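**Q** Dumping the structure here so I can ask a few things about it.
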Amino acid sequence: MLRIIHNTSLKNEEIVVPRNTRMEIIILANDDTTMMTLRNVRILLEEHATAIVFSGIFAPIMLQLHGVLHGNHAVFEHHIAYMGNAHHVLDMQVSAEHRGTTGMSRIMVRGIASDASHARAMGSIHIQEQGKGADARWEHEGLLLSPRARIDALPGLTIETNDVRASHSSAIHYVKSNQLFYAQTRGIDITT
């Protein structure tokens, strides 16, 4: 199953991935004229269900997406690539909740902020008491291309049981002057 969400706003929607089903969801925000809003969107995964979400964010957005691994052996992945420019505000809140046993979740956020854009990548992994055997990861990596650009990232973990594998990480980088100099010596024109 494939579902595409392109520059459309959704509120309080629940997408159910039935048992033994794989669903791919593509979210694309690339319209500068209006802010795309996906508020309180939940993806509910039943037993042995897989949901893979790919988000390409190149315009202002308010994204609140929550994967609920309700059934046993469910898999939830959300891959986000973002690029903020001008005065864009990219507000991304992505989380996963493990309710069934031996589920796997991966939330991977990568992006660039330039000009005076502001990217916020917030989210969490919540493993409930019945989520034994869960394997969860939430990670973010961002690159600042302007001294006026800003990236905030705050991953979190809530673990209510033993016998799980869970981790989170966040890193924000900037281009150093010696790296710019190196690029210029190789013939790349750097404009400010």
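**Q** Would you work out the charge dipole size for the chain about its Cα centre, treating the Cβ of every Lys and Arg as +1 and the Cβ of every Asp and Glu as -1, and quote it to the nearest 20 debye?
**A** In total the dipole reaches around 240 debye.
**Q** Also: Can you find, among 167, 38, 69, the residue farthest towards the positive end of the dipole of the chain? Put +1 on the C-beta of Lys and Arg, -1 on that of Asp and Glu.
**A** It is 167, whose Cα lies furthest towards the positive end.
**Q** Also, I was wondering about something else. How large is the helix-only mean residue ellipticity at 222 nm for the chain, computed as the sum of -39500 (n - 2.57) over DSSP H runs with n ≥ 4, divided by its residue count, in deg cm²/dmol to the nearest 500?
**A** So the calculated ellipticity at 222 nm is -1500 deg cm²/dmol.
**Q** Which residue, chosen from 119, 179, 104, occupies the Cα position most advanced towards the positive end of the dipole of the stretch 40-192, where the dipole is computed from +1 (Lys, Arg) and -1 (Asp, Glu) charges on Cβ about the Cα centre?
**A** The listed residue farthest towards the positive side: 179.
**Q** Check which residues have an amide H placed less than 5 Å from residue 143's amide H, if you skip close sequence neighbours.
**A** Those lying under 5 Å, H to H, from residue 143 are 111, 112, 113, 173.
**Q** Can you give me the relative contact order of the chain as a percent, contacts being Cα pairs under 8 Å and 6 or more apart?
**A** The value is 14 percent.
**Q** Collect residues whose amide H, placed 1.01 Å from N in the peptide plane, falls under 5 Å from the amide H of residue 159; neighbours closer than 5 in sequence don't count.
**A** Distant-sequence amide H within range of residue 159: 127.
**Q** What does the accessible area per residue of the stretch 1-98 come to in Å², with a 1.4 Å probe and no ligands, DNA or RNA counted?
**A** 43
**Q** Moving to a separate point now. In nanometres, what is the gap between the two model label sites at residue 178 and residue 20, each 7 Å from Cα along Cα-to-Cβ?
**A** Modelled inter-label distance: 5.9 nm.
**Q** Now, a different point. Per-residue HN-Hα couplings for the stretch 69-84, Karplus 6.51 cos²θ - 1.76 cosθ + 1.60 at θ = phi - 60°, whole Hz, x for Gly and Pro?
**A** Couplings: 8, 6, x, 5, 6, 7, 10, 10, 10, 9, 10, 10, 10, 10, 8, x Hz.
**Q** Between the alpha-carbon centers of the stretch 66-119 and the stretch 1-62, tell me the distance in whole angstrom.
**A** For the stretch 66-119 versus the stretch 1-62, the Cα centre distance is 11 Å.
**Q** Per q in 0.11, 0.12 Å⁻¹, report the Debye log10 I(q)/I(0) for the stretch 2-144, using one uniform scatterer on each alpha carbon and no solvent.
**A** -0.38, -0.45
**Q** Moving to a separate point now. Accessible area of the chain with a 1.4 Å probe: how many percent of it is carbon plus sulfur?
**A** Its accessible area is 52 percent carbon and sulfur atoms.
**Q** What residues have an amide H closer than 5 Å to that of residue 136, excluding those fewer than 5 places away on the same chain, when H is modeled at 1.01 Å from N in the peptide plane?
**A** The list, which skips near neighbours in sequence, is 105, 165, 166, 167.
The values are calculated or read from the model by the stated rules, or taken from the named source; none is laboratory data. It should be emphasised that the depicted structure is a prediction, and the values quoted were computed from it without experimental measurement. Every residue, glycine as well, gets a Cβ built from its backbone with ideal geometry; the counts of neighbours run over all protein chains shown. For the accessible areas, the whole protein counts, side chains as well, though only heavy atoms, and no ligand, DNA or RNA atoms are used. Shrake-Rupley method; radii C 1.70, N 1.55, O 1.52, S 1.80 Å.
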